[in-house]
Amino acid sequence: MKAVIMAGGEGSRLRPLTCGRPKPMVPVLNKPIMSHIIALLQEHSFSDIGVTLQYMPEAIRDHFGNGAGHGVNLRYFVEDSPLGTAGSVKNAASFLDETFMVISGDALTDLELSKAVDFHKKQGAIATLVLTRVDCPLEYGVVITSEDGKITQFLEKPGWGEVFSDTVNTGIYVLEPEALDYFAPGQKFDFSKDLFPLLLREKKPLFGMVLPGYWCDIGNLQQYLEAHHDILAGKVKIKMPGKEVAPQVWVEEGAFIDQAAVIKGPAVIGMNCQIGAGARIEPYTLLGSGCLVQRGASIKRSVLWNNVFVGNGAALRGAVVGGRVQVQAKAGIYEGAVVGDDSIIRENSQLKPDVKLWPHKLVESGATVHRSVIWGTVSPKKIFGFEGISGLVNVEITPETAVRLGAAFGSVNGSAARISVSCDSYIASAMIKEALISGAQSVGAEVLGLSGSITPESRYAVRSLGCSAGIHVKVSPDSPDKLVMVFMNARGGNISRELERKVENALAREDFPRSEAGRLHPPQVVSEVYHKYIAAICTEPDNACIRRAGFKLLLCYDRLNLAGYVDDLRDKLGFAVEDFRPAGLSGFYSWSACQEALLPALAQAVIESSADAGAVLDPNADRIILIDEKGRVIQDNLLTALISLIILKSRSGSVVVPVTAPMVIESLAEQYRGKVVRTKTAIQDFLDKVLTQEAAPDSISQFFLHFDALSALVNILDYLARHKIRLSDLVDEIPQFFMDSRDVPVPWEAKGKVIRRLVQDPPASQFETLDGIKIYHPDGWTLVLPDPDEPVCRVFSEGSTMEIAESLTDMYIKKINEIADSKS
């Protein structure tokens, strides 16, 4: 038998899900709605099917082809302009030479279509309408029939006073070809509004048949979500995908579910999904193919399309999320909210109930969205953060992104650029490094590649190899799922904001000056830098003196990245190293987790083992935390003061510290006839100030003492050995200071107002604006610094006592909140 699927619908009431696709292509149970209609027709022996198209016809034609993959024959009939439901079917009149069925391509149903055909033929009808019973018929066309099924009256979307029946038109019809003879070809004509009332007036045999079963026209977003809930509840006779691995839990091929994840049915997990430890998939949830749900995420009564990323601790409740959306860590999407394709919901942000987010939208970190967002794009103007570009592996930072970044960075450095590209020992870093190399090569750059490197070694390589620029790819110290790309200038420092903007503009334009094939440079693999770097660390220190001191150290470090460096320095300098890793902490450890869980145990171990010192190194040796032999932790401001003290005692001159450093450094500088140079907190500013004092490119001095954990450790040991003192002696020499720091949430749009008001009306007469606003009080100071990456202001305070420092912080947090909440 023959059938016609009406598939010309735009689906405006389903936006943003139908932005960029016709309604029949909206997925239900991980397949286009129309796939289920074709399957139902095939089940009832309809093998020749015409498809009427009007809106985005190629999307449907390209997906279904000639129908062979679905076991049917498909023919397409395209309307140049909307012809109405009956007009669109008449457009396929050449195909319709026998009794045929008409059905919508964007409804979900399991009705027994064969019964309707049998009834139609038995009654000798010219048209038979398939009817169903609904609880609330107000939004449908009500059809009144006599006992034998003959239609006596139509009521189009009646009020309650007009409701005489609960039988409504499903949009499924059995017709004879002559039914289309009652209007002209090309005429806009509708079945329910025009043709059927006409046939009724003409007293033609027009019948209706009520069929039991499920039917939903999925006319709006609420019905779309409810249709999935009905499928999962077993209310629809439909083939469930995959295998039922637990009661009402269907898992498709290639999916991975961690043993520590919790899946409660009814639920569907699509092909190649990955569900992390501690993730919770609650009842009435459906995941499309390729979704990645990370640790601690929770999804309940939600529908996710293909390739959605759900970050650590994110929460979805009764939401619909389009394809390739990123829901980042601790973000929340709530009841009735709908997110369009390719949108990004950043960390700690929230979409309130019933918010609609059109495709390609960006919700900034910490933002709360109360209203639907239609206009705008996903592309943030600023992609560089505090330290280069960071993001989730294969979500925010993909090989495709890296190729474009490599081309952009190479192009802004000029066609004769000599660029070092390196990575640490993690697999994801190596993958992105190779993509960056390809991009830089494509614009004619000469690329030198380093593998298994660390950040300070890469900075050293840029200088020692005479490169004009460099890129280092490393694992984030906060998470193994994130990468950081550090972009360097010719001196090994981070590139300036001006160059960052040039890279961002080149990336936005994608107007890269590609090189001819004959002018491409092959990448050079550089292997000698490692040994030169180790030798450079050991050049200035007195190696024999360190060896004679016989230091015993307890170290906690990333063995994958740093084992070779630690072992070589140990062998060259003769100190003893014991690896420290407390029970229960294995594999990658985040920098924050290390400070919370590891430091107390390490401090105790240093005391108990009579070690000279302990140290924690971050995975790329960018940062260090020290512990003296008395178990005192030396980090952050105390570490800055310690390094400054060593520099000031070792040589006259200046020491560079950030604006957040304690004032005791000025006291130490005065004592040792030195000078303090304060800089902005951004790494590029700090590095730039330090580098202006550096001379020989092979030297390891203040530059690497601040930004190289290995060099800092060796230089501190050298100082202790030369002066025959212990680490605690240096700590005791630093005057006591009291500092407090806290973050206060401030909306992005209020940050400028906060700083402006503080500058216009400071609570004290003396202030400076080197970085944020630093306000001086008789017994201390406070710095209010807007964060460049998050919707917060950071408040730093120093006082003559801890009580004063904390009270200053409290005072400014209160003032910031008052300004942010004010109207002016």
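Here are a few things to note about the model shown:
- Whenever a residue of the stretch 341-356 is under 14 Å from Arg371 (Cα atoms) and of a type in the set (Val, Ile, Thr), its partners that are modelled with pLDDT of 90 or more and assigned to a strand (DSSP E or B), lying with C-beta atoms within less than 8 angstrom and at least six residues away or across chains, give the pairs Val355/Val338.
- The set of residues in the stretch 690-739 that are within 30 Å of Glu806 (Cβ to Cβ) and at pLDDT below 75 contains only His706.
- Considering residues of the stretch 790-804 that are aliphatic (A, V, I, L, M) and closer than 16 Å to Lys815 by Cα only, the residue surrounded by the most Cβ atoms within 10 Å (Cβ to Cβ): Val795
- When residues of the stretch 641-669 are limited to those that are of a type in the set (Gly, Ala, Ser) and not in a helix (DSSP H, G or I), the one modelled with the lowest pLDDT: Ser652
- When Leu200 is tested against the conditions (1) open to solvent by 40 Å² or more (accessible area, probe 1.4 Å); (2) within 26 Å of Thr109 (Cα to Cα); (3) among the hydrophobic types (A, V, I, L, M, F, W, C), the lone failure is (2).
- Which listed residue, of Leu225, Leu221, Leu206, is more than 30 Å from Trp358 (Cβ to Cβ) and buried (at least 19 other Cβ atoms within 10 Å of the Cβ): Leu206
- Residues considered: Gly67, Gly105, Gly20, Gly71. Of these, the only one that is surrounded by 20 or more Cβ atoms within 10 Å (Cβ to Cβ) and among the small types (Gly, Ala, Ser) is Gly105.
- Exactly one residue out of Gly410, Gly406 is open to solvent by less than 10 Å² (accessible area, probe 1.4 Å), under 25 Å from the mean Cα position of the chain (by Cα) and small (Gly, Ala, Ser): that is Gly406.
- Hits in the stretch 318-376 (condition: within 22 Å of Lys751 (Cα to Cα), open to solvent by 40 Å² or more (accessible area, probe 1.4 Å) and of a type in the set (S, T, N, Q)): Asn348, Gln350, Thr368
- Residue in the stretch 613-620 that is open to solvent by less than 20 Å² (accessible area, probe 1.4 Å) and over 24 Å from Ser479 (Cβ atoms) present: yes
- Members of the stretch 767-781 that are farther than 13 Å from Thr660 by Cα and either loosely packed, with under 11 Cβ neighbours inside 10 Å or within 37 Å of the chain's Cα centre (by Cα) (or both): Pro778
- Apart from one condition, Trp250 fits all of (1) closer than 15 Å to Ser289 by Cβ; (2) assigned to a loop (DSSP other than H, G, I, E, B); (3) of a type outside the set (A, V, I, L, M); the exception is (2).
- Checking each residue in the stretch 413-430 for being of a type in the set (Gly, Ala, Ser), within 13 Å of Val473 (Cβ to Cβ) and open to solvent by less than 10 Å² (accessible area, probe 1.4 Å) picks out Ser420, Ser422, Ser429.
- Counting only residues that are closer than 15 Å to His229 by Cβ and open to solvent by 10 Å² or more (accessible area, probe 1.4 Å), the stretch 286-317 holds 3 of them.
- Selected residue [open to solvent by 40 Å² or more (accessible area, probe 1.4 Å) and in contact (Cβ under 8 Å) with a residue 12 or more places away in the chain] from Asp761, Asp743, Asp787, Asp732: Asp743
- Hey, Gly265 assigned to a loop (DSSP other than H, G, I, E, B), free of Cβ contacts under 8 Å to residues at least 40 places away in the same chain and open to solvent by less than 50 Å² (accessible area, probe 1.4 Å) or not: yes
- Within the stretch 525-542, restricting attention to residues that are assigned to a helix (DSSP H, G or I) and open to solvent by less than 60 Å² (accessible area, probe 1.4 Å), the residue that is nearest to Leu626 (Cα to Cα) is Ile537.
- Subset of the stretch 543-569 (residues that are exposed (fewer than 15 other Cβ atoms within 10 Å of the Cβ) and not in a helix (DSSP H, G or I)): Gly550
- Filtered by the rule that a residue be among the charged types (D, E, K, R) and closer than 20 Å to Arg324 by Cα, the stretch 386-405 gives Glu396, Glu400, Arg404.
- The condition (being outside any helix (DSSP H, G or I) and of a type in the set (Val, Ile, Thr)) is satisfied by just one residue among Ile775, Ile755: Ile775.
- Just one residue in the set Ser411, Ser415, Ser420, Ser390 is touching an Asp or Glu at 6+ places or on another chain (Cβ under 9 Å), outside any helix (DSSP H, G or I) and of a type outside the set (Asp, Glu); that residue is Ser390.
- Within the stretch 391-443, restricting attention to residues that are more than 27 Å from Gly290 (Cβ to Cβ) and out of contact with any helix residue (DSSP H, G or I) (no Cβ under 9 Å at 6 or more places or on another chain), the residue that is modelled with the highest pLDDT is Arg418.
This table checks each residue for (1) touching a Lys or Arg at 6+ places or on another chain (Cβ under 9 Å); (2) touching a residue at least 24 places away in the same chain (Cβ under 8 Å); (3) of a type in the set (D, E, K, R).
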{"site": "Leu642", "(1), (2), (3)": "no, yes, no"}
{"site": "Ile647", "(1), (2), (3)": "no, yes, no"}
{"site": "Ser654", "(1), (2), (3)": "yes, yes, no"}
{"site": "Pro658", "(1), (2), (3)": "yes, yes, no"}
{"site": "Pro662", "(1), (2), (3)": "no, yes, no"}
{"site": "Leu668", "(1), (2), (3)": "yes, yes, no"}
{"site": "Tyr672", "(1), (2), (3)": "yes, yes, no"}
{"site": "Arg678", "(1), (2), (3)": "yes, yes, yes"}
{"site": "Ala682", "(1), (2), (3)": "yes, yes, no"}
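- Test for Ser425: is it among the small types (Gly, Ala, Ser), farther than 19 Å from Gly493 by Cβ, in a loop (DSSP other than H, G, I, E, B) and within 27 Å of the chain's Cα centre (by Cα): yes
- Among (1) within 13 Å of Ala315 (Cβ to Cβ); (2) assigned to a strand (DSSP E or B) - the single one Gly296 does not satisfy: (2)
- Failed condition for Phe95, given (1) open to solvent by 60 Å² or more (accessible area, probe 1.4 Å); (2) over 20 Å from Trp215 (Cβ atoms): (1)
- The set of residues in the stretch 289-342 that are under 22 Å from Lys264 (Cβ atoms) and of a type in the set (Asp, Glu) contains only Glu335.
- Residues in the stretch 405-430 that are under 20 Å from Asp558 (Cα atoms), of a type outside the set (S, T, N, Q) and touching a strand residue (DSSP E or B) at 6+ places or on another chain (Cβ under 9 Å): Cys423, Asp424, Tyr426, Ala428, Ala430.
- Whichever residue in the stretch 235-262 is open to solvent by less than 90 Å² (accessible area, probe 1.4 Å) and of a type in the set (D, E, K, R) and, among such residues, is nearest to the chain's Cα centre (by Cα): Asp258
- A single member of Thr368, Thr401 is over 26 Å from Val447 (Cβ atoms), β-branched (Val, Ile, Thr) and under 20 Å from the mean Cα position of the chain (by Cα), and it is Thr368.
The values are calculated or read from the model by the stated rules, or taken from the named source; none is laboratory data. What you see is a predicted model; the values in this text were computed from it and never measured. All Cβ positions, even for glycine, are placed from backbone atoms using ideal geometry, and neighbour counts span all protein chains on display. Just the protein is used for accessible areas: all its heavy atoms, side chains included, with ligands, DNA and RNA removed. Shrake-Rupley method; radii C 1.70, N 1.55, O 1.52, S 1.80 Å.
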